[in-house]
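A short write-up of the structure that comes next.
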């Protein structure tokens with residue numbers, strides 16, 4: 001349940017100009033920590049501690065979280081000084097509803113969202129920074145009697161944050177080894193089996209993934225990694241979900257699953273991939289090759305068509321913007337922004353349930369692809385490729401698709417990458433594509449991969 005009987009949520013906010021999300025996270029090392037940064041730089045969020053935790057299991061996990069979040073926020077009392085400052089849940093979902101924790105994802109649930117005890121929100125356009133304290137308080141207590149204690153705690157926290165200083169380059173543990181559990185030969189066998197199913201007419205596409213395991217000589221320091229991602233992937237959705245100290249899921253993903261404000265929805269189709277060029281001329285040639293590739297355009301169209309089909313019952317109108325290139329540091333993708341006006345304002349979770357997983361991370365048809373993924377992939381995906389992000393008190397928010405991501409336990413880290421397999425896919429080319437997709441997170445952890 002989202003809250004014990006007899007309690008309700010009380011949130012109090014104050015301006016916090018000059019306090020950065022990074023310093024906020026650094027000041028709360030050793031506690032639960034959460035962070036989000038929009039790809040356009042418009043919004044940065046950070047949280048620390050835990051006021052409320054919501055969990056759900058099974059295929060109904062989206063509905064269960066929606067129900068519990070509604071209960072949590074229904075009687076919540078907020079200081080209402082700014083919509084930016086309102087309470088937010090941070091978290092995400094497993095790729096599959098039947099997810100069971102394994103060694104890599106030992107502490108995770110199929111759905112887990114956390115309302116931080118303290119949170120920070122910074123909006124670029126308005127130049128605003130707000131600090132908020134969230135707490136469960138007895139329902140029979142007068143809010144007016146509780147606010148002075150919350151205000152005092154928040155003012156103390158703001159003073160501590162203003163006095164806090166940290167060196168930009170904190171020491172990182174030493175990377176001892178990288179292990180690739182799947183060999184090229186095993187990958188080739190997996191791709192050949194998938195292509196066999198495709199040629200048999202069982203499905204048109206399936207996305208298959210592989211992983212790398214990193215071992216360090218001590219618990220990793222997340223801040224240098226987050227700094228690296230912010231510096232090199234500022235045009236991606238960056239996230240941190242660290243519900244227990246030193247157990248974290250984080251990344252910098254280019255792919256938005258859904259952003260919902262009222263009846264307005266934004267999503268995207270992001271599929272085909274090719275490397276960046278060594279110079280502008282080569283980069284242009286590679287981009288044009290991607291745009292003109294029949295295989296890549298077919299794969300992209302599968303994603304566009306399935307998103308359109310999935311949203312048809314929910315959208316009053318829908319627009320697929322023209323195909324373009326999404327150019328990142330090491331890779332470029334085919335990209336169609338998609339926007340819709342929904343028939344009703346039902347919040348983010350019904351849209352996430354409808355869209356996840358798109359053919360960009362699952363395949364088509366979805367049910368056949370998910371069954372084949374389960375049969376073929378030797379390492380469970382956990383939360384890789386699944387929705388991660390935040391919800392506000394109206395149950396609007398943003399979920400990205402958790403690719404270009406890593407999960408850490410103390411001194412061990414696992415990094416994932418996937419590739420879309422269609423009828424004419426070649427195992428070697430898909431291996432090279434996943435190598436390219438592993439590169440951002442491997443570099444963020446101190447490795448310049450050549451494998």
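The numbers here are math on the coordinates, done by the rules we state, and not lab data. The structure presented is a predicted model; accordingly, all values stated were derived computationally and were not measured. All Cβ positions, glycine included, derive from the backbone under ideal geometry; neighbour counts span all protein chains shown.
As an exercise, use a Förster radius of 25 Å and the Cβ-Cβ distance of residue 63 and residue 244 to find the FRET efficiency, rounded to the nearest 0.05.
On the way: r = 26 Å, r/R0 = 1.04.
The pair residue 63/residue 244 has a calculated efficiency of 0.45.
Relative contact order (percent) for the stretch 7-163, with alpha-carbon contacts under 8 angstrom and 6 or more residues of separation? Working shown, then result.
Details: 295 pairs, mean separation 56.9, N = 157.
Reported as a whole number, the value is 36 percent.
Apply 1/(1 + (r/R0)^6) to the Cβ-Cβ distance of residue 305 and residue 217, taking R0 = 56 Å, and write down the FRET efficiency to the nearest 0.05. Walk me through the numbers before you get to the answer.
On the way: r = 49 Å, r/R0 = 0.87.
Efficiency, from the Cβ-Cβ distance: 0.70.
Order the peptides 50-62, 245-257 from the highest to the lowest mean number of other Cβ atoms within 10 Å of their residues.
Working: 50-62: 17.8, 245-257: 22.4.
Ranking, from highest mean packing down: 245-257, 50-62.
May I ask you to order 68-75, 321-328 by the average number of other C-beta atoms within 10 Å around their residues, highest value first? Spell out each step's value before the answer.
Working: 68-75: 17.6, 321-328: 14.9.
Listed from highest to lowest mean packing, they are 68-75, 321-328.
Could you order peptides 86-93, 340-347 by the average number of other Cβ atoms within 10 Å of their residues, highest first?
On the way: 86-93: 25.4, 340-347: 15.9.
Ranked from most to least packed, the peptides come out as 86-93, 340-347.
Report relative contact order for the chain in percent, whole number only (criteria: Cα-Cα under 8 Å, sequence separation at least 6).
Values: 998 pairs, mean separation 95.3, N = 451.
This gives 21 percent for the chain.
Could you give the Stokes-Einstein D for the stretch 7-163 in µm² per second, using the C-alpha Kirkwood radius, 37 °C, 0.692 mPa s? Before the final figure, lay out each step's value.
Details: Rh = 16.6 Å.
My calculation gives 198 µm²/s for D.
Between helix 184-199 and the chain, what is the angle of the helix's C-alpha long axis to the longest principal axis, kept within 0 to 90° and rounded to the nearest 10?
For 184-199 against the chain, the angle is about 80 degrees.
Full-extension gain between residue 185 and residue 367, please, as 0.36 nm times their residue separation minus the C-alpha to C-alpha distance. Numbers along the way, then the final one.
Values: separation 182, 0.36 × 182 = 65.52 nm, distance 2.70 nm.
Result for the pair: 62.8 nm of gain on full extension.
Describe numerically, in nm with one decimal, the distance between label points set 7 Å from Cα along Cα→Cβ at residue 126 and at residue 107.
Distance between label points: 3.3 nm.
Once you order the gyration tensor axes a ≥ b ≥ c over the Cα atoms, which shape class does the stretch 218-356 get: rounded for a/c under 1.5, otherwise prolate or oblate by comparing a/b with b/c?
On the way: a/c = 2.48, a/b = 1.08, b/c = 2.30.
Because a/c hits 1.5 or more and a/b fails to exceed b/c, the stretch 218-356 counts as oblate.
For the pair residue 321/residue 162, report the inter-label distance in nm, with labels modelled 7 Å from Cα in the Cβ direction.
Simple spin-label model gives 4.0 nm for this pair.
If you find the alpha carbon centre of the stretch 404-428 and of the stretch 231-288, how far apart are they in angstrom?
The stretch 404-428 and the stretch 231-288 have Cα centres separated by 15 Å.
So how many Å³ per residue does the convex hull of the Cα atoms of the stretch 126-244 work out to? Mind showing how you got there, number by number?
Numbers: hull volume 31.8 nm³, N = 119.
Normalising the Cα hull of the stretch 126-244 by residue number yields 267 Å³.
What is the distance in Å between the Cα centroid of the stretch 160-226 and that of the stretch 1-55?
26
Any idea what the relative contact order of the stretch 237-366 is, in percent, if you count C-alpha pairs under 8 Å spaced at least 6 apart? All intermediate terms of the calculation are to be shown ahead of the outcome.
Values: 213 pairs, mean separation 38.4, N = 130.
Relative contact order of the stretch 237-366: 30 percent.
Given labels modelled 7 Å from the Cα in the Cβ direction, how far is it in nm from residue 279 to residue 147?
The modelled label-to-label distance comes out at 6.6 nm.
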